[in-house]
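The structure appears right after this line, and notes come after that.
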Amino acid sequence: SAGLLPRVHHAHSAGLLFLAMLGLSATGLLPIVISAIAIAVALVALGALTARQAIGAIDTKVVLLVGNALALGEAMEATGAAAFLAKTLLALVGDIGPWGAMVAFFGLVAMVTNVLSNNATAVLFTPIAVGLARQMGVDPHLFAITVILASNCSFATPIGYQTNLLVMGPGHYRFVDYVKAGLPLTLLLWAAFAVGAKVLWGL
């Protein structure tokens, strides 16, 4: 039908609005969520999109997945499950020295960040990392850097980071697709960190 044909005469306006969204987000004037919604409303107002097309672009599976991910993250924090995982790992690796503990800690944080958000993971594990460093007589900054690097290894699941979810629907990806591509990348970064920590920090 005519309503499904591309409205090419709106391409220039849509491009400018997209750049405006990037500019507002990059400069910090507006959060990306608010700027994206504002641009979507503007596209409908200009006639570049119909309300039906805009609503149809919402992937209900992604919306439900986001809700479930937030609930899971809250449950892990509230019940202490994530902290329990950390303390259990520390008990297991406490005798292998600072470098081994740091590498193992990286692996744990990289695993948890694919379930929690990276921000929540960083907040949760940084105090534990600092405490571990002090017990071992190591500069706490090194363990804090470990947490920061590992908490951004959120590649192996669609719920690990917002961008993963944003592309899941349009790209027709499945959960297993993230595991296939993201898990090897996470393991590669884990190995790179292990080597880098040994060479740069001399642990």
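A few comments on the model shown:
- Using a Förster distance of 41 Å, the FRET efficiency for Val130-Leu188 (Cβ separation, nearest 0.05): 0.90
- Mean-position separation - Cα centroids, the stretch 168-191 and the stretch 85-159, in angstrom: 21 Å
- Additional length obtainable on full extension of the chain from Ala91 to Gln53, 0.36 nm per residue less Cα span: 8.3 nm
- Counting protein heavy atoms only, the stretch 120-186 has 69 percent of its accessible area on carbon and sulfur, 1.4 angstrom probe.
- Rough spin-label spacing in nm, given labels placed 7 Å along Cα→Cβ, for His172 and Thr60: 2.0 nm
- Estimated FRET transfer efficiency when R0 is 25 angstrom, pair Lys180-Ala71 (beta carbons, to 0.05): 0.45
- Computed over the alpha carbons of the stretch 93-149, Rg followed by Dmax gives 10.6, 31 Å.
- Put a dot 7 Å past the Cα of Val44, heading toward its Cβ, do the same for Phe84, and the two dots end up 4.4 nm apart.
- 3J(HN,Hα) along the stretch 108-124, derived from phi through the Karplus expression 6.51 cos²θ - 1.76 cosθ + 1.60 where θ = phi - 60°, amounts to 5, 5, 4, 6, 5, 5, 7, 10, 7, 6, 5, 5, 5, 5, 4, 5, 5 Hz, with x in place of Gly and Pro.
- Probing with 1.4 Å while keeping every protein chain in the model, the per residue accessible area of the stretch 148-197 equals 57 Å².
The values are calculated or read from the model by the stated rules, or taken from the named source; none is laboratory data. As the structure is a prediction and not an experimental result, all values here were calculated from the model. Reconstructed Cβ throughout: ideal geometry from the backbone, glycine too, with neighbour counts over all protein chains shown. Each accessible area value is taken on the protein alone, full model and side chains, heavy atoms only, with ligands, DNA and RNA left out. Shrake-Rupley method; radii C 1.70, N 1.55, O 1.52, S 1.80 Å.
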